[in-house]
Amino acid sequence: MIEKNFHNSQIFDFETPDFESVELQPVSKDYLKILLFNLSILFVIFLGAVLSGIFLTRDVLPDELKWSVIATLSVIFVFSLINIILGFKFRKYAVRGHDLMYQQGLIKRSIIIIPFNRIQHIKVEQGWLSKILKLKSVSVFTAGSHGGDITIKGLPEIEAELINQFIGQKVSQTKNAAVEQE
């Protein structure tokens, strides 16, 4: 039976939680070193493959094609380098009382907000280069199927552990409150 007194009030922008005025914290500047290192390794691998291909086909392919492949690879590298360097300043996050926010992207900027009551589990990771630079990543997983998981890379070790503990406590409190209401 349909309820006759059902109301679905519209929520205006001024009634929703404001996230645009939140002061987001940047990730560690040392993380830029990791991004540049990874790009450099990838470029060297691709350049090695292209140069090997050119060497093996030196009598078959015209010189114009060889140089255009090298130029294309160089343009892609330069574009990726600019994107990493300029986009790095937009890698920011905030831990608030009820949610976690993460922003990234230069060309396509995205802001993901995950309420603590949607979090299923948290993972803290540290790769070999991150270990040298004393950085960690915090991954937050939700029950949602698409776009609900985030990984904040490039956090100082202590900060990553504090975030992990804080979110873990908030998730536990939220789940305990939900159990008590049942």
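The values are calculated or read from the model by the stated rules, or taken from the named source; none is laboratory data. Predicted, not measured: the structure shown is a model, and the values here were computed from it. Reconstructed Cβ throughout: ideal geometry from the backbone, glycine too, with neighbour counts over all protein chains shown. Heads up: the accessible areas ignore ligands, DNA and RNA and are worked out on the full protein's heavy atoms, side chains in. Shrake-Rupley method; radii C 1.70, N 1.55, O 1.52, S 1.80 Å.
Looking at 41, 85, 45 in this structure, which one is at pLDDT 95 or above, open to solvent by 60 Å² or more (accessible area, probe 1.4 Å), farther than 30 Å from residue 166 by Cβ and in contact with a helix residue (DSSP H, G or I) (Cβ under 9 Å, 6 or more places away or on another chain)?
Only one candidate qualifies: 85.
To keep it simple, each residue is scored yes or no on (1) open to solvent by less than 50 Å² (accessible area, probe 1.4 Å); (2) at pLDDT below 95; (3) hydrophobic (A, V, I, L, M, F, W, C); (4) not in a strand (DSSP E or B).
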position: 101; (1), (2), (3), (4): yes, yes, yes, no
position: 107; (1), (2), (3), (4): no, yes, yes, yes
position: 129; (1), (2), (3), (4): yes, no, yes, yes
position: 144; (1), (2), (3), (4): yes, yes, no, yes
position: 148; (1), (2), (3), (4): yes, yes, no, yes
position: 152; (1), (2), (3), (4): yes, no, yes, no
position: 155; (1), (2), (3), (4): yes, no, yes, no
position: 158; (1), (2), (3), (4): no, no, yes, yes
position: 173; (1), (2), (3), (4): no, yes, no, yes
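Can you tell me which condition residue 5 does not meet? The list is (1) at pLDDT 90 or above; (2) more than 24 Å from residue 163 (Cβ to Cβ); (3) among the polar types (S, T, N, Q), and all the others hold.
Status for residue 5: all satisfied but (1).
Just checking, which of 122, 76, 111 is of a type in the set (Val, Ile, Thr) and either part of a helix (DSSP H, G or I) or free of Cβ contacts under 8 Å to residues at least 40 places away in the same chain (or both)?
Details: 122 fails: either part of a helix (DSSP H, G or I) or free of Cβ contacts under 8 Å to residues at least 40 places away in the same chain (or both); 111 fails: either part of a helix (DSSP H, G or I) or free of Cβ contacts under 8 Å to residues at least 40 places away in the same chain (or both).
It is 76.
Restricting attention to the stretch 22-56, report how many residues are under 16 Å from the mean Cα position of the chain (by Cα) and aromatic (Phe, Trp, Tyr).
1
Open to solvent by 40 Å² or more (accessible area, probe 1.4 Å) and within 30 Å of residue 80 (Cβ to Cβ): is that true of residue 140 in this structure? Walk me through how you get there before you give the answer.
Numbers: open to solvent by 40 Å² or more (accessible area, probe 1.4 Å): no; within 30 Å of residue 80 (Cβ to Cβ): yes.
Taking the combined requirement at face value, the residue does not satisfy it.
Tell me which residues, restricted to the stretch 88-98, are touching a residue at least 40 places away in the same chain (Cβ under 8 Å) and surrounded by 15 or more Cβ atoms within 10 Å (Cβ to Cβ).
Residues satisfying the conditions are 88, 91, 92, 93, 94, 95.
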